[in-house]
Amino acid sequence: MNDMTPTREQREAKLEGMGCKRKRVEDIRFTQGKGNYVDDLKLPGMLHGDFVRSPHSHARVKKIDDTEALKVPGVLAVITAETLKTVNLAWMPTLAGDVQMVLADGKVLFQNQEVAFVVATDRYAADDGINKVVVEYEPLPVVIDPFKAMDKDAPVLREDLAGKTTGAHGPRKHHNHIFEWTVGDKDLTDAAFRKAEVTIKEMISYHRTHPSPLETCQCVCSFDKIKGELSIWGTFQAPHVIRTVVALIAKIPEHKIHVISPDIGGGFGNKVGAYPGYICVAVASIVTGKPVKWVEDRIENLTATSFARDYHMTTEIASTKEGKVTGLRVHVLADHGAFDACADPSKWPAGFFNIVTGSYDFPTAHLSVDGIYTNKAPGGVAYRCSFRVTEAAYCIERAMDILAQKLGMDPAELRLKNFIKAEQFPYHSALGWEYDSGDYHTAMRKMMETVDYAGLRKEQAALRAAFKRGETREIMGLGVSFFTEIVGAGPSKNCDILGIAMFDSCEIRLHPTGAGIARVGSKSQGQGHETTWAQIIATEIGIPADDIMVEEGNTDTAPYGLGTYGSRSTPVAGAAIAMAARKIKAKAQMIAAYKLEVHEDDLEWDIDGFRVKGLPEKTMSMKDICWAAYNSVPPGMEPGLEAVSYYDPPNMTYPFGAYICVMNIDVDTGVYKVRRFYALDDCGTRINPMIIEGQVHGGLTEAFAIAMGQEIRYDADGNVVTGSFMDFFMPTAVETPHWETDFTVTPSPHHPIGAKGVGESPNVGGVPAFSNAVNDAFSFLGSTHIQMPHDYWRNWKAAKDLGVFA
Amino acid sequence: MIPGPFSYHRPVTVADAVKLLSTLGDEARPLAGGHSLVPMMKLRLASPEHLVDLHGIAGLKGIRRDGNTIVIGAMTTQHELLASDEIGMSLPILDETVLLIADPQVRYRGTIGGNVANGDPGNDMPALMMTLGASYRLEGASGAREVAATEFYQGAYFTALEPGELLTAISIPVPAAGHGYAYEKLKRKVGDYATAAAAVVLTMAGGKVVTCKIGLTNLSETPLLAEDAAKVVIGTSLDPASLKKASAAAVAIMSPASDARGPVEYRKHVGGIMVTRALQRAAGRAR
């Protein structure tokens, strides 16, 4: 070795593999305005389509008159349900086993529902046309309050389902009922409650909100009549699924459908499902023979494409006097809006809500969920969370605080007392999951020590005393949240979408000079896959991350994957990447053995290549192996160096974390101040700590928004009153608190690299932390539960209702 | 969110702008910063056939002192107000208020003339102008006139502007040396209109209030001058009882709408608190 020979540390550093805070390679184009989004696409002769939408939330459509619209210069066509019926596309299937109107067929069921699609030569003409379409409506009585949806005399919303007593998920109890889903042992749980020394019961609502990505939903379709091929560019989180859905409903052979997701400006679940806009641009392109673009505006995005949450969870815990939990009983009333368009794995009508036992060792539990129709927009997507996991985490974390209050125990102590212990993993929960790994006590204690939990409680006690003496108008709350997520959907034994197992995939192709390309079935919407996927490969096969190009989103070139949502990319696609890399490594080892003239077993891996055991100077770098793969492979071996892996995970992964929010509230105005927010995440093996930190910051900001004000609210007539960023709370950097992040590492035992996924943890764990802080602040005044969102006026109302101004 | 068709005009003198507005009639709208009008057009809640862009009129810009009056051209941006030493010295409450209007991007474009002339009860400047005793110069085909800010606002989006008239300048008497001032605004986030806001300008002597004006933003269809509340505190040391009385007198004239910022009861309640806090902070600043 001479001075020029890189040290092991230098060779390791050059890879920028797992554990490295590698800068995001995609940011070079994003920060210079050089991203390529759907709306950047301009095809020759491209037309534009836009919707006439319903001002009513429930009305019969008597007549649609397009006479004047067609006279507007530039307007070429007005598509209605009648047009779509000629191609059998007036309705489309949803991912949840329901059907949904593409355009209003006889009636409208929610405000801003799509009624007609105007196609024109430019966006301005399309909008001019919309204003000239005359629609005659006959308003009908509405169902807005979910608790009244199943009243005997409630208006019938879905006339198309008349007489159907069974839906996709079993019997329907009422004309506005979609499904009932039950899990757990009812008798055992009822018995636990009968014997319980202490019980609590609370209706905990998680209000309707919206993922509201920066870029709205958009799509361009171009049908080539000569080839019979349909090209679709769209904001799709799951492009392959979209291709299959289109093949199934449009009856175009799947190989003649090209779906491309270019750069996507955030998804958060909003861009998983299929929307009427996609169908309408496809039909418009087929009809006109020209490319057609549809771009949703902000109001349309907030009011018509998929909402999230709207779960109303009546929650009961049974416990001993000492605070050992003995049973959990939850009933959920799930408001799905006008159509059941939830984007869950097909067999899971309430997603993985049965993770609701959380981080605690409940000996028994029972859960039932009733899904219902109302006159609201359809959806129910996983807004930066695994399917209904945020709702479940909020439910149990709020309920544990309520139990602590009833027992007169500290909420952190109650949690420590009931945690699943490290030695109990793999742990089988009462509601059917096998938790792969965890060390909850260590994480919780680290959080408590870091923030001086005991000291904060002392400070709170002093401030409460001062408040009671009339010396201050501020109250202080500590919001503890300890969440367990279930992500990485999912094993083929229980997860599919429309019958397709929820595996994911990767294809790696290494070129002769030691650089290569990795194509993956996932689809980044800002998560940084181009950066992190290359890091996994770098560590696995010793090629620098900079020499690996990652490509996603083109269904013609990427292997079939189920896309990116529900924190599934790292648990599933990340595993496929590692497994594909290992196939390459195995072949590389054979080539190296041949070239070094030793037996394969005499080689060992060393950072970026192989060396002969006991002869450290006899080495062959991966770069050299790449070259050899194209000119001197062992006899009988195929040349080239590439591999494909389809990974069917054996289990989900279970990230967890300990969060705490310290908040003061001015009772006179309801104005709150987040004094401190500490988030400890355990996502197993950490691929890129910088990206993890960024993910946590983003998710916490969303959690803050949701808990403290962000909602999709309807008035009694079904009008959306939060349809713009003026009223839909989207915090800016000014409102957003400072985030402190921390971690423990408990690798997943079944994942090839031990990673669990992190993107959604902060949203899941953050919401209960904020809400518990508000509730904890008010608890000494006698309240047990205050519903979210906790915006200023509601905090003031809580104070008023508790007699603060009396 | 796509506006309808319109014609665009860009005059270079006030006379030309006034001429355009009077000849084009009701279908013409002047365009200043555009923060109110353009979103309305994109929602097609406003569909003017003609936009008369005022950005080409050099005479509508600038800040100057004329004796004891500060005269501000209508097309002066909020950013330019912040950058002005004259405003910083003579009218510090204007800077304090401007900083509570939206964010820097908005303030680079938003103008004081547009803010006061639109008649939007959510805008921050109108109540402040009433508090400061400002007047507006309105120019039309038949000449120019001065209207006091207190006489200008007639209802939500209804003002004393006659068809074809343009608000060209704002004159503000310089408050007394040593005056105390404060603008207290409760809002949900940056860029939001006030849930409730109060402007106070006062003078004190020997620990007692000598003069006082109180303005209220977004607590009625128009900006309000809380005259009874101001009277209550004159001659007092702003002791708790006087503050309580003043706040109650201000609340008595509030009639906000219930909206996503909160129900009427809440908005009035915090309106009273904004008055109290503005009075206390202004008193702390008075010399």
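The values are calculated or read from the model by the stated rules, or taken from the named source; none is laboratory data. Keep in mind the model is a prediction, meaning the values are calculated, not measured. A quick note on method: Cβ atoms are made from the backbone with ideal geometry, for glycine too, and the neighbour counts reach across all protein chains shown. Side chains are part of the model used for accessible areas, which takes the heavy atoms of the whole protein and leaves out ligands, DNA and RNA. Shrake-Rupley method; radii C 1.70, N 1.55, O 1.52, S 1.80 Å.
Only one of the listed residues (A:447, A:476) is within 27 Å of the chain's Cα centre (by Cα) and open to solvent by less than 20 Å² (accessible area, probe 1.4 Å). That residue is A:447. Whenever a residue of segment A:117-143 is part of a helix (DSSP H, G or I), its partners that are open to solvent by less than 10 Å² (accessible area, probe 1.4 Å) and small (Gly, Ala, Ser), lying with C-beta atoms within less than 6 angstrom and at least six residues away or across chains, give the pairs A:126/A:120; A:129/A:69; A:129/A:120. Taking segment A:715-752 as the range and being surrounded by fewer than 23 Cβ atoms within 10 Å (Cβ to Cβ) and of a type in the set (Ser, Thr, Tyr) as the test, the residues that pass are A:722, A:724, A:732, A:736, A:741, A:744.
Conditions (1) in the same structural domain as residue A:291 (by TED's automatic domain parsing); (2) on the phi > 0 side of the Ramachandran plot, marked per residue:
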residue: A:19; (1), (2): no, yes
residue: A:26; (1), (2): no, no
residue: A:45; (1), (2): yes, yes
residue: A:49; (1), (2): yes, no
residue: A:54; (1), (2): yes, no
residue: A:74; (1), (2): yes, yes
residue: A:103; (1), (2): yes, no
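Name every residue in segment A:268-324 that is farther than 30 Å from residue A:147 by Cα, open to solvent by 30 Å² or more (accessible area, probe 1.4 Å) and in contact with a Phe, Trp or Tyr (Cβ under 6 Å, 6 or more places away or on another chain), in order of residue number. Matches in segment A:268-324: A:286 only.
Contact annotation: residue pairs with Cβ atoms under 6 Å, 6 or more positions apart or on different chains, pairing a residue in segment A:351-375 that is on the phi > 0 side of the Ramachandran plot and in the same structural domain as residue A:399 (by TED's automatic domain parsing) with a partner that is in a loop (DSSP other than H, G, I, E, B) and among the basic types (Lys, Arg), are A:351/A:388.
Take the conditions (1) within 14 Å of another protein chain (Cβ to nearest Cβ); (2) assigned to a strand (DSSP E or B); (3) touching a Ser or Thr at 6+ places or on another chain (Cβ under 6 Å); residue A:701 misses just one of them, which is (2).
Looking only at residues in segment A:753-785 that are open to solvent by 30 Å² or more (accessible area, probe 1.4 Å) and hydrophobic (A, V, I, L, M, F, W, C), the one that is nearest to the other protein chains (Cβ to nearest Cβ) is A:781. Looking across segment B:43-60, the residues that are modelled with pLDDT under 95 and either of a type in the set (D, E, K, R) or open to solvent by less than 30 Å² (accessible area, probe 1.4 Å) (or both) come down to B:44, B:46. For segment A:246-267, the candidate set comprises residues that are among the aliphatic types (A, V, I, L, M) and either in contact with a Gly (Cβ under 8 Å, 6 or more places away or on another chain) or at pLDDT 95 or above (or both); within that set, the residue that is most open to solvent (accessible area, probe 1.4 Å) is A:260.
Quick check: is even one residue across segment B:231-242 of a type in the set (Val, Ile, Thr) and closer than 21 Å to residue B:155 by Cβ? No, that holds for no residue.
Residues of segment A:158-187 that are among the β-branched types (Val, Ile, Thr) and farther than 22 Å from residue A:377 by Cβ: A:165, A:166, A:182, A:183.
This table checks each residue for (1) in a loop (DSSP other than H, G, I, E, B); (2) touching a Cys at 6+ places or on another chain (Cβ under 6 Å); (3) surrounded by 15 or more Cβ atoms within 10 Å (Cβ to Cβ).
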position	(1), (2), (3)
B:70	no, no, yes
B:86	no, no, no
B:89	no, no, no
B:94	no, no, yes
B:102	yes, no, yes
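Once segment A:151-174 is narrowed to residues that are in a loop (DSSP other than H, G, I, E, B) and within 18 Å of residue A:342 (Cβ to Cβ), the residue that is most open to solvent (accessible area, probe 1.4 Å) is A:168.
Residue by residue, here is whether (1) touching a helix residue (DSSP H, G or I) at 6+ places or on another chain (Cβ under 9 Å); (2) surrounded by fewer than 24 Cβ atoms within 10 Å (Cβ to Cβ); (3) under 27 Å from residue A:480 (Cα atoms); (4) modelled with pLDDT of 95 or more holds:
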| site | (1), (2), (3), (4) |
| --- | --- |
| A:344 | no, no, no, no |
| A:365 | yes, no, yes, yes |
| A:375 | no, no, no, yes |
| A:383 | yes, no, yes, no |
| A:388 | yes, no, yes, yes |
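Candidates in segment B:175-212 are the residues that are among the small types (Gly, Ala, Ser) and over 30 Å from residue A:734 (Cα atoms); of these, the one that is surrounded by the fewest Cβ atoms within 10 Å (Cβ to Cβ) is B:206. For residue B:191, the conditions (1) outside any loop (DSSP other than H, G, I, E, B); (2) within 14 Å of another protein chain (Cβ to nearest Cβ) all hold with the exception of (1). If you go through segment B:247-266 and keep only what is over 27 Å from residue B:233 (Cβ atoms) and open to solvent by less than 20 Å² (accessible area, probe 1.4 Å), you end up with just B:260.
Residue check: residue B:34 meets all listed conditions (1) outside any loop (DSSP other than H, G, I, E, B); (2) crowded, with 16+ Cβ neighbours inside 10 Å but one, namely (1). Quick check on residue A:126: is it surrounded by 22 or more Cβ atoms within 10 Å (Cβ to Cβ), among the aliphatic types (A, V, I, L, M) and within 14 Å of chain B (Cβ to nearest Cβ)? The answer is yes for residue A:126. Applying the condition of being within 14 Å of chain B (Cβ to nearest Cβ) and aliphatic (A, V, I, L, M) to segment A:297-350 and asking which residue is farthest from residue A:184 (Cα to Cα) yields A:299. The single residue among A:87, A:108, A:115, A:119 that is in contact with a helix residue (DSSP H, G or I) (Cβ under 6 Å, 6 or more places away or on another chain), among the β-branched types (Val, Ile, Thr) and either within 30 Å of residue A:497 (Cβ to Cβ) or assigned by TED's automatic domain parsing to the domain that holds residue A:278 (or both) turns out to be A:119.
Of all the criteria given as (1) within 20 Å of the chain's Cα centre (by Cα); (2) surrounded by 22 or more Cβ atoms within 10 Å (Cβ to Cβ); (3) more than 30 Å from residue A:54 (Cβ to Cβ), the one not satisfied by residue A:712 is (3). The single residue among A:423, A:434 that is open to solvent by 50 Å² or more (accessible area, probe 1.4 Å) and free of Cβ contacts under 8 Å to residues at least 24 places away in the same chain turns out to be A:423.
Each row is one residue, and each column tells you yes or no for (1) out of contact with any strand residue (DSSP E or B) (no Cβ under 7 Å at 6 or more places or on another chain); (2) not assigned by TED's automatic domain parsing to the domain that holds residue A:20.
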{"position": "A:449", "(1), (2)": "yes, yes"}
{"position": "A:454", "(1), (2)": "yes, yes"}
{"position": "A:467", "(1), (2)": "no, yes"}
{"position": "A:470", "(1), (2)": "yes, yes"}
{"position": "A:479", "(1), (2)": "no, yes"}
{"position": "A:509", "(1), (2)": "no, no"}
{"position": "A:549", "(1), (2)": "no, no"}
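When segment A:101-116 is limited to residues that are part of a loop (DSSP other than H, G, I, E, B) and open to solvent by less than 10 Å² (accessible area, probe 1.4 Å), the one that is farthest from the other protein chains (Cβ to nearest Cβ) turns out to be A:109.
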